[in-house]
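Asks: Following this message is one structure expressed as structure tokens.
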Amino acid sequence: MANTPESRAVAEAQAEFTRAGTADAPELAIRGEVDVSTSAGLRDELYRLIDGGATRVVIDCSEMDFIDSSGLGVLVGALKRMREKDGEVVLRALNPSARKVFEITGLTKLFTIE
């Protein structure tokens, strides 16, 4: 039998970020996976909200399927940036697997989680 490489379909990780709410208290909904290929987009959205004058950003995670260390780093960076402005970042509706990641990394002590 010849040793030939198998072809396999690799699904690209995708994420969608949707803004709602007001300028000073916006909500950003995450849908899909937050990983190395999508975390820059999340960072851009969050920094745009923070630099636009938001004092409280709520991140709706109810449709977030996955988050890796690059995504966690973006959230921590946004939290630091927001705290410099005496603001707050709130994570809403973490699914059980995402909540476990936040618990294991100790981030539940830093973020407000609803």
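The values are calculated or read from the model by the stated rules, or taken from the named source; none is laboratory data. The structure displayed is predicted, hence computed values, not measured ones. Positions of Cβ are backbone-derived with ideal geometry, glycine not excepted, and every protein chain shown enters the neighbour counts.
Asks: Condition (residue is small (Gly, Ala, Ser) and within 18 Å of SER97 (Cβ to Cβ)) applied to the range 20-27: is it met by at least one residue?
Replies: Checked against the condition, which is being small (Gly, Ala, Ser) and within 18 Å of SER97 (Cβ to Cβ), the range 20-27 yields no hits at all.
Asks: Quick one: which of ALA9, ALA13 is under 18 Å from VAL101 (Cβ atoms), assigned to a loop (DSSP other than H, G, I, E, B) and modelled with pLDDT under 95?
Replies: The match here is ALA13.
Results for (1) small (Gly, Ala, Ser); (2) at pLDDT below 95, shown as yes or no for each residue.
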residue: ASP24; (1), (2): no, yes
residue: ALA29; (1), (2): yes, no
residue: VAL58; (1), (2): no, no
residue: GLU63; (1), (2): no, no
residue: SER69; (1), (2): yes, no
residue: VAL76; (1), (2): no, no
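Asks: Going by the structure shown, is GLY71 touching a strand residue (DSSP E or B) at 6+ places or on another chain (Cβ under 9 Å) and under 16 Å from GLN14 (Cα atoms)?
Replies: yes
Asks: Does SER97 count as out of contact with any strand residue (DSSP E or B) (no Cβ under 7 Å at 6 or more places or on another chain), in a helix (DSSP H, G or I) and modelled with pLDDT under 95?
Replies: Judged against the criteria, SER97 is a match.
Asks: Which residues, counting only those in the range 9-44, are loosely packed, with under 12 Cβ neighbours inside 10 Å and either on the phi > 0 side of the Ramachandran plot or in contact with a His (Cβ under 7 Å, 6 or more places away or on another chain) (or both)?
Replies: Within the range 9-44, no residue meets the criteria.
Asks: Right, something else. How many of the residues in the range 45-84 are assigned to a strand (DSSP E or B) and either farther than 11 Å from PRO26 by Cα or touching a His at 6+ places or on another chain (Cβ under 7 Å) (or both)?
Replies: 7
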